[in-house]
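Read-outs throughout are calculated quantities, based only on the coordinates presented, and are distinct from any laboratory measurement. Nothing here was measured: the structure is a model prediction, and the numbers come from that model. Cβ coordinates were reconstructed from backbone atoms using ideal geometry, including for glycine residues, and neighbour counts include every protein chain displayed.
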Amino acid sequence: VSFSASVNAGTSSYTRYNIRDANERLNNILSSSISFSKRWKGSPFNLTLNANHSQNTSTKRINLTLPSLSFNMSTIYPFQPQDFVGTPKWYQKIGIGYSLSMRNSVSVKEKDFLGPDFFNKFKTGIQHRVPISLSLPAFNFLHISPSVSYTERWYLKKRIVSFNPDKNRLDTTLQHGFYTAREVTTGVSLGSTVYGMFKFNKKNKDAKIQAIRHVMRPSISLSYKPDMNKQYYYSVRVDTGAHVPMQRFSYFDNIGNGPFSEGRYGGVSFSLENSLEMKVHSDKDTANGGMKKVKLLEGFGVSGSYNLVADSFNLSNFSLHARTTLFKKMNISARATIDPYVHNQYGRRIDKYVWEQGDFSIGQIRNGSVSLSTNFKSKQGEKKAEKENVEDDNPLNNNPLDNTQEEMLRRRENPADYVDFDIPWSVNLSYSLNFRKTRTPDYKRDTTIYAQSLRFSGSFNLTPKWKVSLSSGFDFIHKKLTYTTINLTRDLHCWRMNISIVPMGFYKSFSITLSPTSALLHDLKISRNRQFYDVFGGRKR
């Protein structure tokens, strides 16, 4: 039996006026979790009971799950004898599992929390799932795994959406009762790993580029799902305009565990993951025979599916992703979702591929993201970072994740303790661009939502005893600086002084802290704080 609890809650006004830590102020999500679990010794059964809370202090909305129950039976092999010895027959590898999950959740505004209609807004969902699997021996380099799964969901409400032509809007009503929906899926998956090597200058071992290796991990799966949920879907007009298509809704949208997908599916899912690296000659790397591996592309992949039994729109969207590191300095990652079908002037999807129009294109990008990050340090800082990386790779360092999280918490609570005067200067830069094409909240037209920002931070030694640190960014959409902090640290030998300034924005502050440098006395502090609020949002008072 185990029990754990982590509670972090508060009103939006408290977090706005009383939090000084930059990371806490920039994180507008408060979350809590209380968990109880029990595992029965000598049996495959286990039980988990959770209560979860999530709160957005910007939108002032609270999401509460009370409770969330999970009862599971790990995979058992009913056709395998209890005291089995030797190689099992194929039918003795058939495994059966079971899981029961129950979720009771509500989403309300902060002002309506524990109000008169609070408990009537809870949405309950119960799900049963029985997976059946079979492990077959690998055929040379090919791995085969067939499976069957049955899932059933129970609902205590259903949601009915109707169009109001007088007000040109959608109205929603909830109908209480007991409703069930179920789904059966069958499939078989095949996967493998393929290695390719192209060698250069086979006779010249001193050539700079020796070889390029390409690793491919293709996988393909065949699956079938009958249409057992067509009766739970319906079409509704969302606008009085004739060109606006009718929208499909389910009675169980945003209810419990949500609806099953509509329609039959019998098709092929595919994915391909790639990596590319180069072997180069290096006089410095004598430990590996004078050879060094350089990663050209750490990962690049594509995935999608094709429905063989659908009447239209058989091909799914393509998902692409790529990541790499340039010059051991710049980390680059990108993701995109591509729709291969044509869209008309009203944004409506047409059952026709883009390349059938003669265009050299595989489709329209519906959403995507690009992120770049890099950092620069003085030569002293780079040497120190290399030394720390070697120490981190030491196998005697147990639980590196726990150690990292603990250190991050200490850094947030005592930033002055981690100022390193041995590193004269350092700069960190990160850029991110995200966009997605979606329908407006009234479902009447397409719109594109962008988010683009540049984040930068750095530090430098003003004198051998003074260090200045700056953290800020720029929001390209709103064309203004993001949350900015300035820190000045003074080394007083046995003591350390830290001055923290937030110079702009709604929340401005000034604080000065004096603390011992000894780790044993880091909780002993003398601090003075001043806070200023722009309650008029920058307007003249």
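Taken along the Cα-to-beta-carbon direction at a fixed 7 Å, the label points for H321 and S145 span 1.7 nm. Placing pseudo-labels 7 Å out from each Cα toward the beta carbon at T440 and Q92 gives an inter-label distance of 6.6 nm. The mean of 1/r over all pairs of different alpha-carbon atoms in region 293-360, once inverted, gives a Kirkwood hydrodynamic radius of 14.7 Å. The modelled label-to-label distance between M73 and A207, using points 7 Å beyond Cα along the C-beta direction, is 6.2 nm.
How would you order 494-506, 38-50 from highest to lowest mean count of nearby Cβ atoms within 10 Å?
Details: 494-506: 16.2, 38-50: 12.1.
In decreasing order of mean packing, 494-506, 38-50 become 494-506, 38-50.
Roughly what percent of Cα-Cα pairs across region 428-493 reach past 13 Å? Of all Cα-Cα pairs in region 428-493, 73 percent lie more than 13 Å apart.
In the structure shown, do any of K158/K437; K467/K508; K60/K467 have a Cα-Cα gap over 27 Å, and if so which? K158/K437; K60/K467, as the Cα separations exceed 27 Å there. With 18 Å as the limit, the listed pairs K199/K329; K208/K379; K208/K279; K199/K293 have K199/K329; K208/K379 beyond it between alpha carbons. One Cα centroid belongs to region 289-323, the other to region 79-132; the line between them spans 31 Å. Residue-normalised convex hull volume from the C-alpha trace of region 28-144: 159 Å³ per residue.
Between Y234 and M197, the FRET efficiency estimated from the beta carbon spacing at R0 = 60 angstrom works out to 0.60.
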